[in-house]
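*Asks:* The structure follows.
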Amino acid sequence: MLHRLTVSELARRIHRGEVSSREATQACLDQIARVDGQVRAYLSHDPADALAQADAADRLRASGQADPAAHPLLGVPVSLKDVIAHRGQPLGCASRILGNFVSPYDATVVHRLKAAGAVVFGRLNMDEFAMGSSTENSAFFTTLNPWDTTRIPGGSSGGCAASVAAHECFASVGSDTGGSIRQPAALCGVVGVKPTYGRVPRYGLTAFASSLDQIGPFTKDIADAALMTRVLSGHDPMDSTSMPEPVPDYLAALSGSLRGLRIGLPKEYLIGGMHPEVDASVRAAVRQLESLGAEIVEVSLPHTEYAAATYYIIAPAEASANLARFDGIRYGARVDGATPMELNSRTRGRGFGPEVKRRIMLGTYVLSSGYYDAYYLRAQKVRTLIRNDFLEAFKTVDALVTPTTPAPAFKVGEKSDDPLQMYLCDVFTISCNLAGICGLSLPCGFTSDPRLPIGLQLLGKPFGESTLFRIAHAYEQSTPWHRALAPLA
């Protein structure tokens, strides 16, 4: 069962010569062939290219030049959300408007994965242009949850979470604009990290909302999450929002002790209407953190109630501006018209799906003359208040603990006709993006019937990822949840 190893376990075995990268990569390809017809996590993958990369990793190890410090991911297969540029591979954002576009360059994170020795392969399904919470908005098909294939895996990075939960890759890399890493990680029972805004370069990430987007990893456990985040992080001169902050050794933070840490429990996040088993599991996790030595402190984030409204003004406004470039003229699919206006209108009308059109129209409206001050400018002011709430809370606590989602994965099609209910799936995750802080989700239990994963969210200070990994690792190692296998694993 080679495909069930963690990144850390596999990398150690490859460096020792106990297993080859080709064997590990073939194990992933075999697992994809076995289960992806049911999960549908991959939009595409290139077995020949993946095996060629694996052979190159094996030659590097055989030459004696592979260094575990310089090549911590040597030979480890890692897959990408279809919104991250990988040279020579399709870049479609799960949309028809990009047609058969192939990326001419590598995103910075892909360059860093390759430098660390990873085998980078596969394009993972997602909500079109990362707009959605269920992966039902993909232009091609819906990815399904490996725990129950009648249910959604979350979104927009649903393919990323499902592929890791189904052990079709050892880790994946996605993007998080309002919970698109943490929410699917919770619903699929894996670990998902949204780093601090500016921690991981966004060069090569197709933008949805530029002030909110952040790239991060999906993994099988916290040690892998710490390792992957370190590989992806660091300043990049190609990204003007990338921060020149030193990157700690996140693995060194995994001490196992929580003594001396104060963890805040925001009263606004334990609300009525949550699924009772989600509520019970999160409260049990809080008690477990306390038993491990942490001091639990109730805190208040008073502007939380305005987060969803604020997000759904700012994000569509930025999407409206970012998606203006997709016009059928310079690249991508094209529907001809008699005039440039007709060409643009036909191309965008047929190329974009319903949710993308909805958000473009919302964004264009709130940016329009006469409404800018009433909506967009006011939303930016409320965003500052939300960020200040977090910064004030972090004066007295080291991190915050909350549910990741208010309920487990829902049935495919259950919320498709109700966009508002779909938007509320991210009610606990969007504040993190608005505030620009770091967050992660890890498993904390299961519902009883059906058996579906439940996620625990940890939120940290800006550039406070080390503390989150320390807390998450201590909790993970004291509970059995991360060792559970999905039926399709």
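Any read-out appearing in this document is the output of simple, stated calculations on the displayed coordinates, not a laboratory observation. Since the structure is predicted, the reported quantities are computational estimates derived from the model, not experimental observations. Using ideal geometry, Cβ is built from the backbone for each residue, glycine included, and neighbour counts are taken over all protein chains shown.
*Asks:* If you stretched the chain out fully between residue 69 and residue 416, how much longer would it get, using 0.36 nm times the residue separation minus the C-alpha to C-alpha distance?
*Replies:* 120.3 nm
*Asks:* Roughly what would the spin-label model give for residue 449 and residue 298, points 7 Å off Cα along C-beta, in nm?
*Replies:* Label-label distance for residue 449 and residue 298, simple model: 3.5 nm.
*Asks:* Also, I was wondering about something else. Could you give the length gained by full extension between residue 267 and residue 331, i.e. 0.36 nm per residue of separation minus their alpha carbon distance, to one decimal place?
*Replies:* Gain on stretching residue 267 to residue 331: 18.2 nm.
*Asks:* At 20 °C and a viscosity of 1.002 mPa s, what translational diffusion coefficient does Stokes-Einstein give for the range 260-378, taking Rh as the Kirkwood radius over Cα pairs? Give it in µm²/s as a whole number.
*Replies:* Calculated translational D: 117 µm²/s.
*Asks:* What is the calculated FRET efficiency for residue 255 to residue 4, with r their C-beta to C-beta distance and R₀ = 30 Å, to the nearest 0.05?
*Replies:* 0.65
*Asks:* Relative contact order for the range 164-218 using alpha-carbon pairs under 8 Å, separation at least 6, rounded to a whole percent?
*Replies:* Relative contact order here is 45 percent.
*Asks:* Using alpha-carbon pairs under 8 Å, 6+ residues apart, how would you state the relative contact order of the range 402-489 in percent? Kindly include the intermediate steps, with their values, before the conclusion.
*Replies:* On the way: 96 pairs, mean separation 24.3, N = 88.
Reported as a whole number, the value is 28 percent.
*Asks:* Which loop trypsin sites (Lys or Arg not before Pro) in the range 2-58, with loop taken from DSSP, have no more than 14 other Cβ atoms within 10 angstrom of their Cβ?
*Replies:* Values: sites: 4, 12, 13, 16, 22, 34, 40; in loops: 16, 40.
In loop regions of the range 2-58 (DSSP not H, G, I, E or B), the sparsely surrounded trypsin sites (Lys or Arg not before Pro) are 16.
*Asks:* At 7 Å along Cα-to-Cβ for each site, give me the label-to-label distance between residue 12 and residue 477 in nm.
*Replies:* With each label point 7 Å from Cα toward Cβ, the separation is 1.2 nm.
*Asks:* How much of the DSSP beta bridge set in the chain is antiparallel, as a percent to the nearest 5?
*Replies:* In the chain, DSSP labels about 65 percent of beta bridges as antiparallel.
*Asks:* Equivalent-ellipsoid semi-axes (√(5λ), Cα gyration tensor) for the range 1-105, whole Å, largest first? Numbers along the way, then the final one.
*Replies:* Details: eigenvalues 148, 58, 24 Å².
Gyration-tensor ellipsoid for the range 1-105: 27, 17, 11 Å.
*Asks:* Can you give me the Rg/Rh ratio for the range 88-171, using Cα atoms for both radii and the Kirkwood formula for Rh?
*Replies:* A ratio of 0.99.
*Asks:* Points 7 angstrom from Cα along the Cβ direction at residue 23 and residue 140: gap in nanometres?
*Replies:* Taking the simple label geometry, residue 23 and residue 140 are separated by 3.2 nm.
*Asks:* Sequence gap of 8 or more, or different chains, plus Cα separation below 19 Å: how many lysine pairs satisfy both in the chain?
*Replies:* Taking the chain as the scope, the lysine pair count is 9.
*Asks:* May I pose another question? Relative contact order for the chain using alpha-carbon pairs under 8 Å, separation at least 6, rounded to a whole percent? Numbers along the way, then the final one.
*Replies:* Values: 1182 pairs, mean separation 87.1, N = 489.
Across the chain, relative contact order equals 18 percent.
*Asks:* Counting only other residues whose beta carbon sits under 14 Å from that of residue 295, what net charge do I get with K and R as +1, D and E as -1?
*Replies:* 0
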